[in-house]
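Below is one structure, written out as structure tokens; the observations come after it.
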Amino acid sequence: MKHIDAAAHTRGESQYVDDLPQPAEMLYAAVFSSDVAHGKILKLDTAKAGTIDGVVMVLTAADLPGENQIGPIIQDETLLAVDAVHYVGEPVALVVATSPEVAHKAVKNISVKIKELRPVTDPREAFAKGQIIGTPRTFHLGDVDNTWAQCDLIMEGRCDISGQEHVYLETQRARAVPLEGGGMRIHSSTQSPAAVQRAAAKILGLPNNKIEVDVKRIGGGFGGKEDQATAWSCLAALAAWHTGKPVELVLSRHDDIKMTGKRHPYSSDFKIGVTKDGKILAYEVKHYQNSGATADLSTAVLERTLFHSTNSYFVPNVKIFAACCRTNLPPNTAFRGFGGPQGMFVIESAIAKATEKLGMPREEMQYKNLLQEGDMLPYGQRTADTRSRITWDEADKAFNIAAIHKRIDSYNEAHFEIKKGFAVMPICFGISFTNTMLNQASSLVHVYTDGSVGITTGGVEMGQGLITNIAAIAAKALGIRPERIKIESTNTTRVANMSASAASATTDLNGHATLLAIGQILERLKSLLVHEQHLSHAEKITIVDEQVLYDGQPTGWDWPKLVQKAYTSRVALSAHGYYATPGIWFDRTKEKGHPFAYHVFGTAIIEVTVDCLRGTYDINSVKIVHDLGRPINELVDRGQIEGGLAQGLGWMTLEELKFDDTGHYLSNSLATYKLPDVYFMPDLLEVKLLENVDNPRGPYGTKAVGEPPLMYGIGAFFAIRHAMRAFRPKADFPFHSPLTPEKVLMQLHAEVLDNLKDGKLEKKTKRRRDVLAIKAVVLFKQKIENG
Ligand code: MTE
Ligand code: LUZ
Ligand code: MOS
């Protein structure tokens with residue numbers, strides 16, 4: 001089954017927020033934001049903007065009828081700044097005008113006098129100054145301190161992991177439409193309609209039931225709209241409340257990159273202790289998360305980092321420390337993987353460092369320490385249905401890891417400036433919101449008298465295929481054609497109190513809720529049939545291909561007839577299903593529990609070729625063995641695997657999110673922020689799915705797929721490093737992501753660069769490699785200098 005939206009998307013017919021018909025008299029809002037990362041507001045002057053023709057009003061913090069507070073976990077975030085600014089892009093005022101053009105022109109006429117304070121952009125500096133959000137957390141397993149003495153080798157190091165811009169195609173936007181009785185309908189591009197509802201109600205001083213949030217679909221979220229769609233929806237609602245007219249607010253790409261948070265950069269210190277044959281005995285890590293100016297979801301992201309700091313490995317002695325560090329950047333937020341990838345990157349770096357010292361293939365240590373059934377994870381949950389070794393062994397069987405290594409070694413012996421490298425990347429990702437409370441969902445199912453079905457769940461379609469999955473699950477449960485099923489927009493008046501569509505769990509949670517609703521309807525339909533046809537066992541009734549069977553034999557009724565009979569017999573054809581994931585819990589006082597319903601496993605093998613004179617590289621192949629349980633829709637899930645991989649590869653290689661120490665993003669447009677494109681993707685991409693595997697915790701045995709494949713991309717960093725070390729076997733390259741071609745070049749030829757700096761070029765050695773390298777670097781530098 002294709003993605004339900006496939007045809008409409010390709011024809012450009014799918015509707016997003018601003019494709020909805022424009023109501024008469026709609027107004028447009030634009031945001032005036034701080035250009036200073038940290039300072040005290042001395043004077044805000046909006047008078048001039050207010051006089052521009054077409055400007056209806058200019059709103060500031062003083063104009064909020066309710067509370068100026070939109071923090072989702074910790075109440076530390078204003079909708080509009082009061083007295084002080086904390087990051088570049090922080091909203092300060094809102095212009096409402098008759099056209100977007102006028103609104104943007106008016107924004108340029110607002111001025112603010114700010115007494116600048118020194119901004120902090122480095123998480124370690126923030127930590128040292130005590131700028132910590134929430135409380136730092138520590139997970140313990142075994143006893144690290146008393147294990148170091150037993151290790152043959154102890155290696156320490158540091159990782160600096162860059163953030164990542166979401167680049168959803170549809171930038172942040174919302175349309176607010178005033179309703180009778182002082183209510184408001186908000187069409188929001190959000191992953192979390194209930195979060196928007198609560199925040200809008202709060203800032204307007206209204207009860208939640210006065211706010212209706214509706215989401216047909218969103219043009220990508222990737223976590224960037226898990227919490228951060230809220231502000232723009234609230235601003236549109238505020239403007240609609242004041243003007244009594246519908247108001248739309250759309251961020252330009254530039255404003256979106258400037259004003260919204262990103263994946264959290266991390267700076268981490270690791271210490272790993274191993275035996276000489278490659279067993280990891282102890283691992284200690286300290287994570288300094290660059291949280292940005294407000295808490296947003298940072299504490300939850302940090303928690304997932306703690307949970308994923310040992311990735312797919314069993315380590316008997318572990319100590320993981322992590323802290324959210326408040327800096328003067330836009331509040332960083334959810335991004336596919338939600339802190340997990342950062343935790344995994346660091347242990348992969350530690351394994352690289354230890355194996356390089358031991359002269360052992362990296363994959364040998366990885367394999368030796370892979371999780372086995374029943375192993376204890378640092379948070380107290382034992383792994384079950386552990387498929388780390390199974391996916392690795394399948395990958396090895398299909399692709400022969402030792403042969404790849406040998407082939408690469410002999411290529412590298414035969415070639416001087418072109419080197420190949422590879423890495424194996426196993427993943428183990430926990431499924432469930434780490435905050436147990438959020439693992440609940442509802443679904444409302446209506447069967448209409450013609451046998452067609454309408455379903456509303458709390459889940460948001462963001463391109464990931466949720467509605468296709470829900471339709472497939474419902475069709476299977478009802479025994480009818482998927483074409484009979486329509487998945488409605490997500491709307492807070494039809495399904496209340498939904499959790500964000502996030503944590504890869506949307507199909508799991510809403511699929512289960514839908515099954516529970518359908519179960520109720522089927523139960524009623526079956527009792528009706530038992531009564532009508534004088535049958536004795538309701539459980540022997542099934543519906544297959546729309547035919548109603550008893551004990552496998554036709555009853556003479558089909559689906560439309562069954563539904564008709566139910567209606568005329570006054571049997572309810574609607575039901576509401578509610579699901580709460582069973583068996584999960586976590587005790588934060590002990591940092592132990594069973595937070596995840598299950599884990600997703602997989603193994604990727606990534607091969608690259610690096611031009612060691614130019615620093616450029618190609619990703620030659622990515623081969624994956626992935627565990628989907630029993631996929632509901634393999635085509636859609638394969639799309640998720642490839643898309644997630646692309647995003648992970650981009651994060652590790654090209655996507656350099658640069659900001660300067662005044663807190664301004666330098667890569668603030670798609671001209672300076674390089675995304676992976678189709679040419680960057682591997683020439684060969686092969687995805688094998690584990691066969692004959694089940695997952696009792698997922699609807700019809702499926703496993704969540706949204707986030708885990710992103711983490712395969714981490715392998716690209718280590719594959720490139722592998723090639724770089726073939727060129728400079730003794731070099732100790734930094735674990736600093738992304739590993740851009742520029743960084744590859746600079747790191748491979750660091751000494752040459754030093755020589756250039758000191759004007760000591762004449763000191764160059766006679767070695768061919770260095771002479772060539774110097775030429776390459778000189779050419780490169782000239783190129784940069786000549787623009
Ligand atoms: N795929 C598309 N096309 N667009 C998206 O925005 N978001 C990702 C992933 N895949 C996303 C996507 C993220 S961050 C998550 S958590 C999951 O989809 C959310 O959907 P799910 O829970 O249904 O997997
Ligand atoms: N959001 C959240 C998430 O609130 N909790 C989580 O555990 C999570 N995990 C992944 C993505 N979003
Ligand atoms: Mo995804 S980061 O859970 O929205």
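The values are calculated or read from the model by the stated rules, or taken from the named source; none is laboratory data. Just so it is clear, the model here is predicted, and its values are computed rather than measured. Cβ coordinates were reconstructed from backbone atoms using ideal geometry, including for glycine residues, and neighbour counts include every protein chain displayed.
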Residue that is farthest from ligand 1 (Cβ to nearest atom), among those in the stretch 672-705 that are closer than 20 Å to residue 469 by Cα and among the basic types (Lys, Arg): 697
Hey, residue 236 within 16 Å of ligand 1 (Cβ to nearest atom) and at pLDDT 95 or above or not: no
For residue 218: the one exception among (1) within 16 Å of ligand 3 (Cβ to nearest atom); (2) free of Cβ contacts under 8 Å to residues at least 40 places away in the same chain: (2)
Selection count, the stretch 285-331, where residues are within 30 Å of residue 78 (Cβ to Cβ) and assigned to a strand (DSSP E or B): 11
Residue list for the stretch 100-110, filter: touching a Leu at 6+ places or on another chain (Cβ under 9 Å) and outside any helix (DSSP H, G or I): 110
Top-ranked residue in the stretch 140-192 [being among the hydroxyl-bearing types (Ser, Thr, Tyr) and away from ligand 3 (no atom under 16 Å from the Cβ); ranked as farthest from residue 491 (Cα to Cα)]: 147
Condition met for residue 723 (touching a Lys or Arg at 6+ places or on another chain (Cβ under 8 Å), small (Gly, Ala, Ser) and more than 16 Å from ligand 3 (Cβ to nearest atom)): yes
Any hit, the stretch 468-476, residues being more than 13 Å from residue 191 (Cα to Cα) and surrounded by fewer than 23 Cβ atoms within 10 Å (Cβ to Cβ): yes
Pairs, first touching a residue at least 24 places away in the same chain (Cβ under 8 Å) in the stretch 490-503, second within 12 Å of ligand 1 (Cβ to nearest atom) and charged (D, E, K, R), C-beta under 7 Å, six or more apart: 500/226; 502/226
Candidate set: the stretch 282-313, residues that are crowded, with 24+ Cβ neighbours inside 10 Å and without any contact (Cβ under 8 Å) to a residue 40 or more places away in the chain; chosen: the one nearest to ligand 2 (Cβ to nearest atom): 301
Yes/no for residue 360 being part of a loop (DSSP other than H, G, I, E, B) and touching a residue at least 24 places away in the same chain (Cβ under 8 Å): yes
Index of the failed condition, residue 517 passing every other in (1) surrounded by fewer than 17 Cβ atoms within 10 Å (Cβ to Cβ); (2) touching a His at 6+ places or on another chain (Cβ under 7 Å): (1)
Of residues in the stretch 482-531 being of a type in the set (S, T, N, Q) and within 16 Å of ligand 3 (Cβ to nearest atom), the one farthest from residue 429 (Cα to Cα): 490
Single match in 182, 134 (criterion: in contact with a helix residue (DSSP H, G or I) (Cβ under 8 Å, 6 or more places away or on another chain) and at pLDDT below 95): 182
Segments classed as strands (runs of 3 or more DSSP E), wholly inside the stretch 143-229, with at least 1 members that are buried (at least 20 other Cβ atoms within 10 Å of the Cβ) and of a type in the set (Ser, Thr, Tyr): 184-188
Residue match in the stretch 706-716 (condition: among the small types (Gly, Ala, Ser), more than 14 Å from ligand 1 (Cβ to nearest atom), in contact (Cβ under 8 Å) with a residue 40 or more places away in the chain and surrounded by fewer than 24 Cβ atoms within 10 Å (Cβ to Cβ)): no
Residue within the stretch 334-349 that is under 25 Å from the mean Cα position of the chain (by Cα), at negative phi, away from ligand 3 (no atom under 16 Å from the Cβ) and assigned to a loop (DSSP other than H, G, I, E, B) present: no
Yes/no for residue 341 being closer than 29 Å to residue 728 by Cα and within 16 Å of ligand 1 (Cβ to nearest atom): yes
Residues of the stretch 220-265 classified as farther than 23 Å from residue 85 by Cα and either of a type in the set (D, E, K, R) or within 16 Å of ligand 2 (Cβ to nearest atom) (or both), total: 7
Qualifying residue in the stretch 452-461 (condition: within 29 Å of residue 604 (Cβ to Cβ), surrounded by fewer than 24 Cβ atoms within 10 Å (Cβ to Cβ) and within 16 Å of ligand 3 (Cβ to nearest atom)): no
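Okay, residues lined up against (1) in contact with a strand residue (DSSP E or B) (Cβ under 8 Å, 6 or more places away or on another chain); (2) crowded, with 24+ Cβ neighbours inside 10 Å; (3) under 15 Å from residue 684 (Cβ atoms):
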residue	(1), (2), (3)
608	yes, yes, yes
616	yes, no, no
623	yes, no, yes
626	yes, yes, no
631	yes, no, no
634	yes, no, no
639	no, no, no
643	no, no, no
655	yes, yes, no
Hits in the stretch 689-705 (condition: of a type in the set (Gly, Ala, Ser) and either crowded, with 20+ Cβ neighbours inside 10 Å or without any contact (Cβ under 8 Å) to a residue 60 or more places away in the chain (or both)): 698, 704
Hits in the stretch 687-738 - residues which are assigned to a loop (DSSP other than H, G, I, E, B), over 28 Å from residue 640 (Cβ atoms) and within 23 Å of the chain's Cα centre (by Cα): none
Tally of residues being buried (at least 24 other Cβ atoms within 10 Å of the Cβ) and among the basic types (Lys, Arg) across the stretch 323-361: 2
Residue count for the stretch 529-563, restricted to those that are assigned to a helix (DSSP H, G or I) and more than 17 Å from residue 454 (Cβ to Cβ): 10
Single match in 609, 653, 616, 662 (criterion: among the hydroxyl-bearing types (Ser, Thr, Tyr) and in contact with an Asp or Glu (Cβ under 7 Å, 6 or more places away or on another chain)): 609
Number of positions in the stretch 329-367 that are of a type in the set (A, V, I, L, M) and more than 30 Å from residue 658 (Cβ to Cβ): 4
Residue identified as without any contact (Cβ under 8 Å) to a residue 12 or more places away in the chain, surrounded by fewer than 23 Cβ atoms within 10 Å (Cβ to Cβ) and either of a type outside the set (A, V, I, L, M, F, W, C) or in contact with a strand residue (DSSP E or B) (Cβ under 9 Å, 6 or more places away or on another chain) (or both) among 61, 47, 24, 84: 47
Test: residue in the stretch 302-311 that is under 19 Å from residue 424 (Cβ atoms) and touching an Asp or Glu at 6+ places or on another chain (Cβ under 9 Å): yes
